[in-house]
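Notes to accompany the following structure.
The values are calculated or read from the model by the stated rules, or taken from the named source; none is laboratory data. Remember, predicted model here, so these are calculated numbers, not experimental data. Positions of Cβ are generated from backbone atoms using ideal geometry, with glycine treated the same way; all protein chains shown enter the neighbour counts.
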Ligand code: SF4
Ligand SMILES: [Zn+2]
């Protein structure tokens with residue numbers, strides 16, 4: 001028997017998003033699901049955000065109850081885009097049973113939908129069926145599959161993140177998604193653990209260049225210290241520091257393409273930060289740039305600098321790599 005209590009998503013909010021040069025209204029929904037099957041990434045704080053094990057019918061019913069709540073709270077004509085997260089993979093049927101997935105598709109028919117999934121669940125048939133549900137010809141590309149590539153460097157992805165897939169796996173998934181008619185949104189991760197500030201900056205610059213041919217949208221996530229993660233354990237030992245906002249500005253200013261970035265936790269000790277005095281203006285400038293693709297504001301703050309810029313330059317030059325033993 002399904003409980004009578006109201007099921008709500010883990011989070012749901014409206015925001016503005018840049019899409020094809022326009023600023024549009026976007027609804028973001030983080031559905032509570034069966035939880036990520038992989039569940040191993042070192043920075044991921046979503047490991048406990050899941051239902052306890054239950055039959056597929058009950059899981060599906062609960063997700064559909066969350067959907068009803070969302071539709072009751074947010075008028076469908078008030079947004080054009082929907083971003084769907086499930087703390088894992090939208091296309092993993094053990095997390096989101098296919099009838100719940102289809103119900104979500106029906107509910108958001110006519111919107112631009114972006115849904116996150118690990119690479120192994122991105123298959124042409126599944127994606128194309130989903131596009132068939134949401135597409136009412138309002139948009140040339142109504143669906144984007146979002147994948148956490150994190151970095152194009154397989155060694156960093158394996159050793160520093162434990163992501164469990166390779167750049168080649170990602171390319172295969174891009175092929176499957178594109179064959180189905182989906183756009184590709186790529187998430188990159190700035191400063192996973194064990195990298196120096198300078199290594200993470202160079203890795204991000206390289207990853208942007210190398211992932212661009214496989215991506216329609218690139219979003220740079222800035223690593224934050226989430227509760228009960230490997231990153232938090234290292235941070236408590238003073239073995240991890242989130243990225244400097246100066247590094248983020250440097251990456252965005254140097255990039256030839258428009259990179260979206262929402263500096264979640266920006267200016268806080270657990271998030272990307274500088275000295276505490278200059279952070280808020282820079283965080284606002286990054287948000288503004290994500291929407292407008294106008295680098296001028298970024299350059300204004302970079303050129304203006306702050307006393308802590310010297311510290312950042314020193315860190316870039318002097319921080320030594322984390323030494324992992326080469327042998328057991
Ligand atoms: S694949 Fe995504 S949800 Fe799963 S552990 Fe990694 S970051 Fe977390
Ligand atoms: Zn400062």
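Only one of the numbered conditions (1) away from ligand 2 (no atom under 16 Å from the Cβ); (2) loosely packed, with under 15 Cβ neighbours inside 10 Å; (3) in a loop (DSSP other than H, G, I, E, B) is violated by residue 322, and that is (2).
Annotation: of all residues in the stretch 129-143 being surrounded by fewer than 23 Cβ atoms within 10 Å (Cβ to Cβ) and touching a residue at least 40 places away in the same chain (Cβ under 8 Å), the one that is nearest to residue 106 (Cα to Cα) is 131. When you check residue 281 against the structure, is it surrounded by fewer than 20 Cβ atoms within 10 Å (Cβ to Cβ), over 21 Å from residue 200 (Cβ atoms) and free of Cβ contacts under 8 Å to residues at least 60 places away in the same chain, yes or no? Yes.
Restricting 50, 64 to residues that are surrounded by fewer than 22 Cβ atoms within 10 Å (Cβ to Cβ) and either within 16 Å of ligand 1 (Cβ to nearest atom) or under 30 Å from residue 192 (Cβ atoms) (or both) narrows the list to 50. Do we have any residue at all in the stretch 292-312 that's at negative phi, within 16 Å of ligand 1 (Cβ to nearest atom) and either surrounded by 15 or more Cβ atoms within 10 Å (Cβ to Cβ) or not in a helix (DSSP H, G or I) (or both)? For the stretch 292-312, residues at negative phi, within 16 Å of ligand 1 (Cβ to nearest atom) and either surrounded by 15 or more Cβ atoms within 10 Å (Cβ to Cβ) or not in a helix (DSSP H, G or I) (or both): absent.
You will find that of 105, 164, 88, the residue that is part of a loop (DSSP other than H, G, I, E, B), at pLDDT 95 or above and more than 16 Å from ligand 2 (Cβ to nearest atom) is 164 and no other.
Residue under question is residue 8, and the condition is that it be touching a residue at least 40 places away in the same chain (Cβ under 8 Å), more than 23 Å from residue 149 (Cα to Cα), touching a helix residue (DSSP H, G or I) at 6+ places or on another chain (Cβ under 6 Å) and part of a loop (DSSP other than H, G, I, E, B); does it hold? Considered against the rule, which asks whether it is touching a residue at least 40 places away in the same chain (Cβ under 8 Å), more than 23 Å from residue 149 (Cα to Cα), touching a helix residue (DSSP H, G or I) at 6+ places or on another chain (Cβ under 6 Å) and part of a loop (DSSP other than H, G, I, E, B), residue 8 comes out as yes. Residue count for the stretch 6-33 satisfying the condition of being closer than 13 Å to residue 64 by Cα and either at pLDDT below 95 or more than 15 Å from the chain's Cα centre (by Cα) (or both): 6. When 271, 267 are checked against the criterion of being under 24 Å from residue 187 (Cβ atoms), within 13 Å of ligand 2 (Cβ to nearest atom) and surrounded by 15 or more Cβ atoms within 10 Å (Cβ to Cβ), 267 stands alone in meeting it. Residue 264 meets each of the listed conditions (1) in contact with a helix residue (DSSP H, G or I) (Cβ under 9 Å, 6 or more places away or on another chain); (2) within 16 Å of ligand 1 (Cβ to nearest atom) apart from (1).
For the condition surrounded by fewer than 22 Cβ atoms within 10 Å (Cβ to Cβ), free of Cβ contacts under 8 Å to residues at least 60 places away in the same chain and more than 16 Å from ligand 2 (Cβ to nearest atom), what is the one hit in 233, 228?
Details: 228 fails: free of Cβ contacts under 8 Å to residues at least 60 places away in the same chain.
Result of the check over 233, 228: 233.
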